[in-house]
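Notes for the one structure printed next.
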Amino acid sequence: MASKPAVRSCCRPSRSGSSMLRLAVFERFLSLPLRWPPSARAPVRCSLRHAPQPTHNRHAVSSAPWWQEILNVLDREIILASVLSFGSHITFPAVASFLVLYAQEIGIENVGWFYVASGATSLLARPMLGKVSDRMGRRRALLACFMFQAVALMALAYASNLVGLIIPGMLFMVGLAMASATTLAIAMEQAKPERRGRAMATFSVALPLSNGVGALICGSLVESFGYFWMYLVAASIAAGGLMVTIANRRDLKYRSRSKRSSSSSRSNR
């Protein structure tokens, strides 16, 4: 009876022997891919080579400031055309909104004829001045626009009768009509075909912004200094637009030439 437990203990494998057996099986399993033929290894290598790489999260929160995110929405290539459009329309409230009160102050009646003449001038001049801008070039057209506006606003400051209001008003609308057509043409030339919607959206911001800022500036000047100085300051703002055009004359000249060369090459084809 005492010899049975000894037989059982001899037949039962020890712990060290079982661990060595498991280690041998594991090493044999790992060495199986190395013993495969080259034709069987190729799909495994190809799958490892073309495995998807980790990508960055597109919806991650950007660390840029909020004002930089707003500027990124705008098209930077249309900034020059937008600035020129802003400069040509910022003085428009001085003619459209404050002229009635200015005429009453200096004792001029029947101011409605001023709006009839200026409106008809703008309506008739826009189609013709677009062709003039194409023939003259963008740079010369903008120079003429800001010169007309500066002279007209200065003449309004010294007006004493209805004719003295109508003639400068017509001259101002001629300059404004040419500036509108020219700046729009510049924006179309500078915009890339795949981003024209974004470019036109950027350009369209200049018009309401200039009207709002212009009305605020003109109203503040009238309240502080009177209508005479308001028109003189508006004339200086138009002269500032003239300086911006002169400072960017090379860029405007280069873009007009490149546009003409591309149009001529298309016509030759």
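The values are calculated or read from the model by the stated rules, or taken from the named source; none is laboratory data. Treat the numbers as computed from the prediction; the structure is a model and nothing was measured. Neighbour counts are summed over all protein chains in view; Cβ atoms, including those assigned to glycine, are modelled from backbone coordinates with ideal geometry.
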(message) Restricting to the range 91-129, and then to whatever is in contact with a Cys (Cβ under 7 Å, 6 or more places away or on another chain) and among the hydrophobic types (A, V, I, L, M, F, W, C), can you tell me which residue is surrounded by the fewest Cβ atoms within 10 Å (Cβ to Cβ)?
(response) F98
(request) Scan A199, A206 and give me the residue that is crowded, with 18+ Cβ neighbours inside 10 Å, over 20 Å from V233 (Cα atoms) and in contact with a Phe, Trp or Tyr (Cβ under 7 Å, 6 or more places away or on another chain). (result) A206
(message) Taking the conditions exactly as written (surrounded by fewer than 20 Cβ atoms within 10 Å (Cβ to Cβ), modelled with pLDDT of 90 or more and either within 23 Å of the chain's Cα centre (by Cα) or outside any helix (DSSP H, G or I) (or both)), does V233 satisfy them or not?
(response) no
(request) Please indicate, with yes or no, whether at least one residue in the range 211-229 is surrounded by 14 or more Cβ atoms within 10 Å (Cβ to Cβ), under 20 Å from the mean Cα position of the chain (by Cα), among the hydrophobic types (A, V, I, L, M, F, W, C) and farther than 26 Å from E105 by Cα. (result) no
